[in-house]
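Read the structure below first, then the notes.
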Amino acid sequence: MAPQNTAVNPTWTWGSSASVILKTLQNEAQSAQLAQVSLPEPAVCSIYFQATVTRVTNPDFISVGSLSLNLTQGLGRVAIPRQITFAGQPADGSTLEFTLPFLPVHSLQVDVSAVGNFDADIIGELEIQMFFVLSPLTRIPQKIQQLQFGMSEPGEADALDDELRENLEEESPTVQQIMGREAHVRVHGEDSEEDDAPEAAPAWMLDLIDRLTQRLRRAPTRQELRAAVVRYKARVSRRMR
């Protein structure tokens with residue numbers, strides 16, 4: 001029975017096993033599923049595969065013709081098929097071992113198919129036991145974002161608009177600052193260009209600089225500060241109309 005889809009913590013190592021039986025009366029390839037797993041976040045992984053002939057009725061006339069390891073590597077919105085074929089392996093008495101390192105994975109499906117090599121007029125069967133291990137090595141850091149490359153899904157563009165609106169709301173001054181600004185304008189008029197300098201900045205500008213520093217996690221540049229001041233004055237002007 002094929003294993004069910006399993007969610008794997010990227011700090012864990014995950015493994016499974018399966019077997020296939022090749023019979024002389026069956027000419028088609030025999031297959032088995034080794035893995036169908038998904039990680040909670042992308043990770044660079046190493047996979048280990050082992051195959052051994054555990055039982056063969058007549059080793060002089062029955063052997064493995066080929067063994068194929070089929071990987072479906074899911075990352076982002078693409079699934080990449082990969083096939084690795086071993087000719088004449090595993091041989092009786094010789095274990096096949098294969099390691100594939102540094103494989104970026106978010107989800108992975110692994111299937112194995114085998115074809116037997118039988119001499120004419122020989123009746124018998126051959127069994128292959130297989131083991132598979134998935135070992136996450138390092139996680140792939142991802143900045144959480146609503147809109148990714150490719151076609152947007154329903155609701156993604158709306159969610160991006162909401163995120164931008166939240167960023168603008170973080171820059172906006174408090175009600176007390178707006179009322180204080182309006183009182184300052186009524187008494188002293190609009191500030192001149194020189195008042196934009198940090199040395200002569202009023203309290204509302206110092207607060208605006210603090211908000212920009214917290215949001216950007218660094219000191220704002222002059223261009224960023226100038227743009228924030230323009231947005232602030234535009235909001236104040238709209239509220240005074």
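In this Cβ point-charge picture (+1 for Lys and Arg, -1 for Asp and Glu), the stretch 6-139 has a dipole of about 640 debye about its Cα centre.
Could you calculate the FRET efficiency of ILE21 with VAL78 from 1/(1 + (r/R0)^6), where r is the beta carbon distance between them and R0 is 41 Å, rounded to 0.05? That gives a FRET efficiency of 0.75. Taking amide H positions as modeled 1.01 Å from N, with prolines and chain starts lacking one, the residues under 5 Å from THR24 and 5 or more places away or on another chain are GLY124.
Modelled spin labels at ALA234 and ARG222, positioned 7 Å past Cα toward Cβ, are 2.2 nm from each other.
A Förster distance of 51 Å, applied to the separation of the beta-carbon atoms of LEU206 and THR99, puts the FRET efficiency at 0.30. Between the listed residues GLY88, LEU134, ASN70, the Cα displaced farthest toward the positive end of the dipole of the stretch 6-139, a dipole computed from Cβ unit charges relative to the Cα centre, is found at LEU134. Scattering from the stretch 6-139 was approximated by placing one identical point on each alpha carbon and applying the Debye formula without solvent; log10 I(q)/I(0) at 0.14, 0.19, 0.21 1/Å stands at -0.63, -0.98, -1.12. Modelled spin-label separation between ASP119 and ARG139, with each label point placed 7 Å from Cα along the Cα-to-Cβ direction: 5.8 nm. Maximal additional length on extending the GLU28-ASP92 stretch stands at 21.0 nm, based on 0.36 nm per residue less the C-alpha distance.
Each reported figure results from applying straightforward, stated rules to the coordinates on display, with no laboratory input. Because the structure is a prediction, the values reported are computed rather than measured. Neighbour counts run over all protein chains shown; Cβ positions are idealised from the backbone, glycine included.
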